[in-house]
Amino acid sequence: MAAHTYLAPAKINWFLHITGRRADGYHTLETVFQRIDWCDELTIQTTDDGVITLTGDLSGVAMTANLAYRAAVALRDRAELPKGHSLGARIHLAKNIPMGAGLGGGSSNAATVLTALNDLWGLDFANQTLQKIGLTLGADVPFFVSDFNAAFATGVGEVLTPIDLPARELFLVNPNVHVPTAQVFSGFRRFGFTPSLDVSLSELPDLLPNHQVFSNDLEKSTFEIAPAVAHVYEVLSAAMPDGFVRMSGSGATVFAMPMDGAQRQVLDDWRQVCPPDWQCRWVSTASLF
Ligand SMILES: C[C@@](CO)(OP(=O)(O)O)[C@H](O)COP(=O)(O)OP(=O)(O)OC[C@H]1O[C@@H](n2ccc(N)nc2=O)[C@H](O)[C@@H]1O
Ligand SMILES: Nc1ncnc2c1ncn2[C@@H]1O[C@H](COP(=O)(O)OP(=O)(O)O)[C@@H](O)[C@H]1O
C-alpha cells in the first residue's frame, strides 16, 4: 500500500498552573496549549501482515517504548477485526523536535499515528475515542489528537476547550539539556498549588501575554534541576525588559515573544550567537492545517 507522510507539530504552554494532586499522584493543572510550526515527520505505510514496525530517529528509545509505536499498538488493540483480518504498519519517524524539551514531541508523534492509522486502517473511531486512547499514552496526547490550534486545558491536560489566539512569532531557545518530567513534578511539590483561574475563557485571549497573571509553576523546580534553563530565562528576560519570556511545559525550552521591532532585533542577535549544541529558532503559532 502507498506510503503517506504526516507532520507532527510541537506545542508550547502559554502558562502552566498546578492546581492540585490526584490520588494516583498525578498533578492537576490549568494550561493553554498552542501548536507551533516545529514539526517531526512520520511516514506510514499500512500492511495486512499484522506486524507494526518503527524505524528512523529513535534516539536511544527502544522501538517498543517509543510513543509512536505504542500508539499504533494501542489503536490496533482497540480495533474489533473480522476473523482472519490483521492490521500492520511500517512507520518511519524523522525527528526534528528536541526530546524531553517541554514541546510535546513524543505526544504529538503518538497523536499523529492514532489519527493517521484510524483513517488508513478504516477504523472510524470518533475523535473523542482517539483522545481517550491517547490519554493512556500521555497527558498531552488528547490535545494533539484534537484539531484545535490552541486550547485551554484542565484535568491533567485532557479536558479541552478550544480558544482563538492570534498567530504570533515566538523565539525558542533549547539549551540541550534533558529535564525528566517526573523529577520536575517531584521538585515542585514543596511549592504551593495555584488556585483555579478566576477569568472567563472569553477574556483569556486578551489577557494571555500578561506575565503578571499567568506563570509556569514548574519553572522554579526545573531551574533548580537544570541551571542552564534558568540562565537562558534570565538572559532572555534581561535582554527584553517588560517583554514576555516563559518556559514551556516542564522545560527545558524557553520562549520569548517580542513586543516590538527592537526586541525582535535583540532576539535575532541572540540567534546569531546561539551555541552550536543549542537550538535557537523562530517559530510561528499560525494554524498549520
Ligand atoms: C508538563 C506537561 C505540560 O504540558 O508537558 P511536557 O513538559 O511533558 O511537555 C505535561 O503535563 C506532562 O504530561 P505527560 O507527558 O503525561 O508526562 P509524563 O512525561 O508521562 O510524566 C512523567 C511523570 O511526571 C509526573 N506527572 C506528570 C504529569 C502530571 N500532570 N502530573 C505528574 O505528576 C508523574 O510522576 C509522571 O509519571
Ligand atoms: N516518539 C518520541 N519522541 C520523543 N520522545 C519520546 C518518543 N517516544 C518516547 N519518548 C520518551 O518520552 C520522553 C518525553 O518526550 P517529549 O514528548 O519529547 O518531551 P516532553 O514531554 O518534555 O514534551 C522522552 O524523553 C523519551 O524518553
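The values are calculated or read from the model by the stated rules, or taken from the named source; none is laboratory data. Computed from a prediction, not measured in an experiment: that's the story for all the values here. Here Cβ is always computed from backbone atoms with ideal geometry, including for glycine, and neighbour counts include all displayed protein chains.
Things worth noting here:
Here is a yes/no grid of residues against (1) over 24 Å from Val184 (Cα atoms); (2) away from ligand 2 (no atom under 16 Å from the Cβ):
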position: Asp217; (1), (2): no, no
position: Glu224; (1), (2): no, yes
position: His231; (1), (2): no, yes
position: Gly243; (1), (2): yes, yes
position: Arg246; (1), (2): no, no
position: Thr253; (1), (2): no, no
position: Gln272; (1), (2): yes, yes
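- The set of residues in the range 180-218 that are in contact with a helix residue (DSSP H, G or I) (Cβ under 9 Å, 6 or more places away or on another chain) and of a type in the set (A, V, I, L, M, F, W, C) comprises Val184, Phe185, Phe188, Phe191, Leu197, Val199, Val213, Phe214, Leu218.
- A Cβ distance below 7 Å, combined with a sequence gap of six or more or placement on separate chains, defines the contacts here; from the range 209-221, residues that are under 13 Å from Trp14 (Cα atoms) reach residues that are of a type in the set (S, T, N, Q) and not in a helix (DSSP H, G or I) in the pairs Asn216/Asn13; Asp217/Thr194; Leu218/Ser250.
- Of all residues in the range 13-33, those satisfying the criterion of being within 14 Å of ligand 2 (Cβ to nearest atom) and touching a Leu at 6+ places or on another chain (Cβ under 7 Å) are Leu16, Leu29, Thr31.
- A count restricted to the range 39-70 and to residues that are of a type in the set (Val, Ile, Thr) and within 16 Å of ligand 1 (Cβ to nearest atom) stands at 1.
- When residues in the range 81-102 are screened for being farther than 17 Å from Asp40 by Cβ and within 30 Å of the chain's Cα centre (by Cα), 2 of them pass.
- If the condition is being farther than 25 Å from Leu197 by Cα and assigned to a helix (DSSP H, G or I), then the range 133-144 contributes Ile133, Gly134.
- Of the residues screened, Ile91 is one that is away from ligand 1 (no atom under 16 Å from the Cβ), of a type in the set (Val, Ile, Thr), crowded, with 18+ Cβ neighbours inside 10 Å and in the same structural domain as Leu7 (by TED's automatic domain parsing).
- Qualifying residue in the range 258-280 (condition: within 17 Å of Glu30 (Cα to Cα), within 16 Å of ligand 1 (Cβ to nearest atom) and under 22 Å from the mean Cα position of the chain (by Cα)): no
- Residue that is nearest to Trp14 (Cα to Cα) [pool: residues in the range 96-122 that are touching a residue at least 40 places away in the same chain (Cβ under 8 Å) and surrounded by fewer than 18 Cβ atoms within 10 Å (Cβ to Cβ)]: Met99
- Restricted to the range 15-99, the set of strands (runs of 3 or more DSSP E) holding at least 3 residues that are touching a Phe, Trp or Tyr at 6+ places or on another chain (Cβ under 7 Å) and not aliphatic (A, V, I, L, M) comprises 27-47.
- Once the range 161-170 is narrowed to residues that are in contact (Cβ under 8 Å) with a residue 24 or more places away in the chain and either within 16 Å of ligand 2 (Cβ to nearest atom) or part of a strand (DSSP E or B) (or both), the residue that is nearest to Ala139 (Cα to Cα) is Thr161.
- Per-region count, the range 153-170, residues on the phi > 0 side of the Ramachandran plot and crowded, with 22+ Cβ neighbours inside 10 Å: 1
- Residues that are near ligand 1 (Cβ under 10 Å from one of its atoms), at pLDDT 95 or above and aromatic (Phe, Trp, Tyr) do occur in the range 142-150.
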